[in-house]
Amino acid sequence: IASKDVRVVGGAPVAHQLVSGLSGDVWLSSFEEPVVTLIARRGRVVGGVHALASAPVRVTLPGSAEALTVGGGYLFVTSPSDSGGQDTVFQVDLRTRRVTSSISVGTLPLFASFGYGSAWISNYKGDSVSVIRPASKKPETISVPGGPLGIAAGEEAIWVVTFWSNELVRIDPEAMRVLKRIPVGKGPLAVAVGAGAVWVTNRDDRTISRIDPTTNTVSQTIRLAAAPYGVVVAHDHVWVTTQRCGSPIAPCTSSPNG
C-alpha cells in the first residue's frame, strides 16, 4: 500500500473470491474449478512480483470452489451445484492444508461468513442458512425464506439478505433463530458490518441501505448511478463495487434518479 506497487499473481485457473484470515494469509477460489490457491502468506505475495507461472500452494477439492470464509483454524469453501459442485461445504485444515470434511448443506450455497465460533452459509435456493462449527461434520439449519444471499457477522448478530423478499434478516447467533426481517431496497445482494452499522447493496434500485443495528431500521439510503454489488467496511470507509452498465432490470442512466 505504501509503495503503490502493482503485483500480478498468477497460477489460479479462474480467479473468483478472496478471503484473508487473521494471520494475513490470502486465499483465492476458482469458479468452476476444484481448486483454492494461497496467494499471500502473512500479507506478503507468494512468489514475488509478476509470479505468473504458477502459485506454489494449491489445495485440490472434491468439487468446485466458490464462496470462502476463514475461522477456527479452517478455510470453509462452498461448492454449489450451479458450478458443478454437489451443494457442499469443504473444510480445509489451515495447518495441514488438507480437506478434512465435505459437508452437505442446502441448495446453492453462494455466500459464507465466519463469526461467533461458526461458519454461516446462505443457501439461495434452499431458503436456509447452514451453521457449521469447526471440525463438525453435520450442520445445523435455520429456515430463511426469500432467497438468502450475502451474509455477515457482527453487532451481536448474523445478517443475511434475501433477494426475492427484499429484506435484511437478523439472526441471533446463540439461539440460532430469526429475530427480525428488515425491508431494504430492491434486489439486495451483499451485506457488510462496520462503523456502527450494517450496509446492504441493492442491485435493482441502485442504492445502499444503512441499517442501525440498535433499532433494526434503515437509517439512510444512498443512491448510486450504477448497480452496486460487493461491499466491505474498512478504516471508517464503506467500499462498494458497481457494475458499469447496471443490471438488466435497472440499466445505468445519466443520474441516479433516471
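Throughout, read-outs are computed from the coordinates displayed, never taken from laboratory work. The shown structure was predicted, so the numbers you read here are calculated from the model rather than taken from an experiment. When we count neighbours, we look across all protein chains shown, and the Cβ atoms used for this are built from the backbone with ideal geometry, even at glycine.
Remarks
- C-alpha center-to-center spacing [segment 169-218, segment 112-155] in angstrom: 15 Å
- Between LYS137 and ALA225, the FRET efficiency estimated from the beta carbon spacing at R0 = 35 angstrom works out to 0.15.
- Extension gain, ALA234-LYS180: 0.36 nm per intervening residue step, less the Cα-Cα distance, totals 16.8 nm.
- By the equivalent-ellipsoid construction on the alpha carbon gyration tensor, segment 108-247 comes out with semi-axes of 24, 16, 14 Å, ordered largest to smallest.
- Applied to segment 148-165, the Karplus parametrisation 6.51 cos²θ - 1.76 cosθ + 1.60 on θ = phi - 60° returns per-residue 3J(HN,Hα) values of x, 10, x, 9, 8, 10, x, 6, 6, 7, 9, 10, 9, 8, 10, 5, 7, 9 Hz, with x for Gly and Pro.
- Taking amide H as placed 1.01 Å from N in the peptide plane, the amide H of GLU167 sits under 5 Å from that of THR162, VAL184, each at least 5 places away or on another chain.
- GluC sites (Glu not before Pro) lying in DSSP loop within segment 106-175, provided at most 10 other Cβ fall within 10 Å: GLU174
- Diffusion of segment 53-191 by Stokes-Einstein, at 20 °C in a medium of 1.002 mPa s and with Rh set to the Kirkwood radius over alpha-carbon pairs, works out to 143 µm²/s.
- HN-Hα J in Hz across segment 60-68 - Karplus 6.51, -1.76, 1.60, θ = phi - 60°, x for Gly and Pro: 8, 10, x, x, 5, 10, 10, 6, 10
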